[in-house]
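The values are calculated or read from the model by the stated rules, or taken from the named source; none is laboratory data. Note that the coordinates shown come from a computational prediction; the quantities given were computed from them, not determined experimentally. Every residue, glycine among them, receives a Cβ derived from its backbone with ideal geometry; neighbour counts consider all protein chains shown. Remember, those area values only see protein heavy atoms, side chains included, never the ligands or the DNA or RNA. Shrake-Rupley method; radii C 1.70, N 1.55, O 1.52, S 1.80 Å.
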Amino acid sequence: FCEEAKRIVKLGEEKGIPLRVMGACAIAIHSGDYEQSLYDKLDRKLSDLDFMTTAKKDKTKTFFTQLGYVARDRFLAIMEEVRHIYDNEQTGLTADVFFNELSMCHKIDFRNRLLIDCPTISLADILLEKLQIVKISMKDVQDVVILLRGHDVGDDDKDKVNSKYIARLLSDDWGFYYTVTTNLAKVCSEFLPGFQALTEDDRNVVKTRINKL
C-alpha cells in the first residue's frame, strides 16, 4: 500500500498533478519501526489508498487511467466534482481521490495546506481527518493512537501535530471543536485502557499528547 501510494504521488508530481496521501496509509508512511509494529499488535489492516488533490478532475482521471486504474463510473456520475474512486484490477488496490477539501461530518479545506508535507498531508490534517468523524470507528481510534504514539504535539508542522493550526481551525467552528474533543476524550477513557497490546508507556505517551493538544 505505502509503496504504491508513494509511487502515485511521485508520478503525479512529474505530470503536474499534486497528490498527497491521506488516511491510515499516510500514518504508516510517517511511522517508525516501533509504530509499524503496532499495526500488527492492534490487528490494524490497511484496506485502500486515499489521496487529496487540488488538480483538475479530468486531468486526474486521465492520470489514474494511464496507471491502470479504472474509474467507478456510477460513483463519478454522482460525486465527480468532489471525489473519485478508481480500482486496479491487476493489484486489487482501490484509490479514493478527494478534490480540494474533505467534507464529511465536518469540512477540512486543503487548498492552502496540501503541499505542507510530502508524500502525505500534514500530521495535523491526518489527525483531524480521523477525529472529524462523529461516530468514530475502532480502526480510526487505532490510527489516532498510532499517530500520537509516534509524534508529539507542537506549534508547527515539522514532524509534529500542529496544535496552533488545529486550535485556530476549531475556534471558528464549535461543532467541529465538540466532535474532536469528544473523540479525544473517548480515546483516553474508553479505548486506551482496552488495548491490551499497548504497554503502559504507550498509553501514557498517547494520553499526555492528547492532554497537551
> Say R0 is 22 Å: what FRET efficiency, to the nearest 0.05, do residue 62 and residue 103 get from their beta-carbon distance?
Replying inline: 0.35
> Picking from 22, 91, 128, whose Cα lies most toward the positive end of the charge dipole for the chain (charges on Cβ: Lys, Arg +1; Asp, Glu -1)?
Replying inline: 128
> Carbon and sulfur: what percent of the stretch 1-116's accessible surface (1.4 Å probe)?
Replying inline: 48
> What accessible surface, in Å², does a 1.4 Å probe find on residue 86, ignoring ligands, DNA and RNA and rounding to the nearest 10?
Replying inline: 0
>> Could you tell me the calculated FRET efficiency between residue 199 and residue 75, based on Cβ-Cβ distance and R0 = 45 angstrom, to the nearest 0.05?
In response: 0.60
> From the square roots a ≥ b ≥ c of the eigenvalues of the alpha-carbon gyration tensor of the stretch 145-213, which class results: rounded (a/c under 1.5), prolate (a/b over b/c), or oblate?
Replying inline: oblate
>> What are the ³J(HN,Hα) couplings of the stretch 45-59, residue after residue, when phi is run through the Karplus curve with 6.51, -1.76, 1.60 and θ = phi - 60°? Round to Hz, x for glycine and proline.
In response: 9, 6, 10, 7, 10, 10, 10, 10, 8, 10, 6, 6, 5, 5, 5
> When ligands, DNA and RNA are left out and all protein chains stay put, how many square angstrom of accessible area per residue does the chain have with a 1.4 Å probe?
Replying inline: 49
> Once both labels are modelled 7 Å past Cα along the beta-carbon direction, what's the residue 14-residue 173 spacing in nm?
Replying inline: 3.6
> Roughly how many Å² of residue 41 are accessible to a 1.4 Å probe, to the nearest 10?
Replying inline: 100
> With respect to the cross-link table entries 15/130; 6/207; 10/61; 135/207; 10/212; 6/45, which display a Cα-Cα separation exceeding 23 Å?
Replying inline: 15/130; 6/207; 10/212
> For the chain, what are the per-bin percents of Cα-Cα distances with bins 5 Å wide, up to the bin holding the maximum?
Replying inline: 1, 7, 15, 19, 20, 16, 12, 7, 3, 0
> Given Cα pairs under 8 Å that are at least 6 residues apart, what percent is the relative contact order of the chain?
Replying inline: 19
